[in-house]
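Q: Have a look at the structure that comes next, please.
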Amino acid sequence: MSQGPRSGLAAVSSALLAMSRHLEVRDVLKTIVASARELLDAQYAALGVPDDHGGFAQFVVDGVSEAQWKAIGPLPRRHGILAAMLDEARPERLADVRKDPRFEGWPSAHPEMSDFLGLPIKDGDEVIGALFLANKNCPKPEGSCGFTQEDEQLLAILAQHAAIALTNARLYERSRELTIAEERSRLAHELHDAVSQKLFSLRLTAQAAAALVDRDPGRAKGELHQVAALAAEAADELRAAVVELRPAALDEDGLVATLRTQTQVLDRAHSARVTFAARSFRALPAAQEEAMLRVAQEALHNALRHSGAEHVDVTVDRRGGGAVLRVTDDGHGFDPQTVRRAGRHLGLVSMRDRASGVGGRLTVESAPGKGTAIEMEVPGG
């Protein structure tokens with residue numbers, strides 16, 4: 001086994017354990033790449049998951065700065081050595097990848113790479129990814145490969161376990177998707193049963209009011225009062241059906257893990273940088289955790305859709321026996337009084353109701369050009 005900063009059985013064990021700790025596919029990919037680069041002491045490492053259109057659905061790198069990665073540009077297409085590993089499903093160990101006849105060049109911002117070691121990641125006979133490393137950190141004569149046969153064998157072991165970790169992560173995400181679909185189906189049935197009858201009654205009452213408005217205004221007024229009451233009841237039924245559905249992820253993972261996952265997804269989906277941090281947080285009663293999650297989701301929606309923010313930060317902290325959630329952004333902000341007078345609430349009423357419903361309180365700090373901070377504090381249980 002090649003000698004590096006981390007070698008031997010302990011290093012292999014550490015890499016495999018790190019892979020097994022994650023369930024989200026993106027986290028698994030990042031851990032595989034970082035573990036491979038550290039284990040074999042390479043300057044660069046990458047892992048590509050192919051799509052069905054000649055490109056890569058995901059491509060994760062380690063050893064390349066964020067600025068470099070942005071400058072490189074779009075994800076690579078399947079060509080050259082990468083295509084060979086995927087199509088021929090065999091290892092590639094090269095003294096200088098640039099001199100290989102299959103080498104097709106790279107963008108101008110791409111770092112220079114010389115010696116190269118790559119392997120396909122296989123689930124049975126299916127190639128589900130390609131893992132490669134470049135520029136071994138070791139003394140080597142000009143034109144020779146720093147990666148050894150022992151390195152290739154070690155990377156092969158890592159690739160086998162990477163296939164297991166990646167397959168498990170995909171199954172986990174599919175299971176989550178099925179759970180979400182089942183919850184949506186249940187919600188649809190509950191909404192139909194709880195609200196449809198009241199909406200039908202509301203329609204009949206409104207028709208009666210319209211028929212009476214000219215010949216008996218007094219009775220018409222009474223019917224309109226009934227319309228308002230039925231509408232309020234329908235809204236209450238709808239709210240109860242939605243609030244009853246505690247997210248499955250919250251039940252399984254708790255507030256911190258659920259918020260971390262959701263902010264990671266939003267960070268990838270939006271141009272704004274979305275970050276999350278939890279400090280000294282401890283579990284809260286289920287109702288409080290759900291209320292904090294819903295408030296965070298509403299605040300994140302506002303920040304990402306309406307504020308024009310470049311950065312959105314979510315934090316949860318312990319405060320006394322309870323906790324505090326804070327969602328801040330550097331967007332254009334607003335005047336809360338102006339918004340209230342204009343009848344536009346940006347979900348603030350709903351957020352305050354959720355906070356007060358679990359014994360907490362919500363504060364909003366914002367001003368034009370100054371961003372927005374929404375804070376929810378709950379007493380704990």
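Q: Can you grab the distance from the C-alpha centre of segment 46-92 to the C-alpha centre of segment 258-312, Å, no decimals?
A: 30
Q: Hey, with R₀ at 35 Å, roughly what FRET efficiency would Ala277 and Arg203 work out to, going by the Cβ-Cβ distance, to 0.05?
A: So the FRET efficiency works out to roughly 0.10.
Q: Further question on the same structure: List, largest first, the extents of the alpha carbons of segment 80-183 along their principal axes, each in whole Å.
A: Result, largest extent first: 60, 32, 25 Å.
Q: Roll a 1.4 angstrom probe over the protein heavy atoms and tell me the percent of accessible area of segment 71-110 that is carbon or sulfur.
A: Reported share for carbon and sulfur atoms: 51 percent.
Q: A further question follows. Give me the percent of accessible area attributable to carbon and sulfur for segment 284-381, probe 1.4 angstrom.
A: C and S atoms contribute 49 percent here.
Q: If R0 is 22 Å, what FRET efficiency do you get for Ala269 and Ala373 from their C-beta distance, rounded to 0.05?
A: Efficiency computed from Cβ-Cβ geometry: 0.45.
Q: Order Leu16, Leu293 by their accessible area, 1.4 angstrom probe, all chains in place, largest first.
A: The ranking, largest first, comes out as Leu16, Leu293.
Q: Calculate, in nm to one decimal, what Asp335 and Arg77 gain on full extension: separation in residues at 0.36 nm each, minus their alpha carbon distance. It would help to have the intermediate numbers written out before the result.
A: Working: separation 258, 0.36 × 258 = 92.88 nm, distance 4.77 nm.
So the extension gain works out to 88.1 nm.
Q: So, one more: How many Å² of accessible area per residue for segment 257-342, probe 1.4 Å?
A: With all protein chains present, segment 257-342 gives 49 Å² per residue.
Q: Run the 1.4 Å probe and let me know the accessible area of His270, rounded to the nearest 10 Å².
A: Accessible area, nearest 10 Å²: 50 Å².
Q: Spin-label point model (7 Å from Cα, Cβ direction): what's the Gln68 to Ser144 distance in nm?
A: 2.5
Q: If you don't mind, another one. Under a point-charge model restricted to the Cβ atoms of Lys and Arg (+1) and Asp and Glu (-1), what is the dipole moment magnitude of segment 35-119 relative to its Cα centre, in debye to the nearest 20?
A: Values: 9 positive and 14 negative charges, 33 e Å.
Charge dipole, segment 35-119, about its Cα centre: 160 debye, nearest 20.
Q: Continuing with this model, one more query. Could you pull out every one of the lysines with an alpha carbon less than 25 Å from that of Lys136, ignoring same-chain neighbours closer than 8 positions?
A: Qualifying lysines at Cα under 25 Å: Lys30, Lys70, Lys99, Lys122.
Q: While we're on this one: Taking R0 as 56 Å, what FRET efficiency do you get between Gln58 and Thr363 from their Cβ-Cβ distance, rounded to the nearest 0.05?
A: Working from the Cβ atoms, E equals 0.90.
Q: Another question, then. In what order, largest first, do Tyr172, Tyr44 sit by accessible area if the probe radius is 1.4 Å?
A: So the residues, ranked largest to smallest area, are Tyr172, Tyr44.
The values are calculated or read from the model by the stated rules, or taken from the named source; none is laboratory data. Bear in mind that the values here come from a model prediction, so they are computed numbers and not experimental data. Virtual Cβ from ideal backbone geometry, glycine too; neighbours counted across all protein chains shown. These area figures cover heavy atoms from the full protein model, side chains too; ligands, DNA and RNA do not enter into them. Shrake-Rupley method; radii C 1.70, N 1.55, O 1.52, S 1.80 Å.
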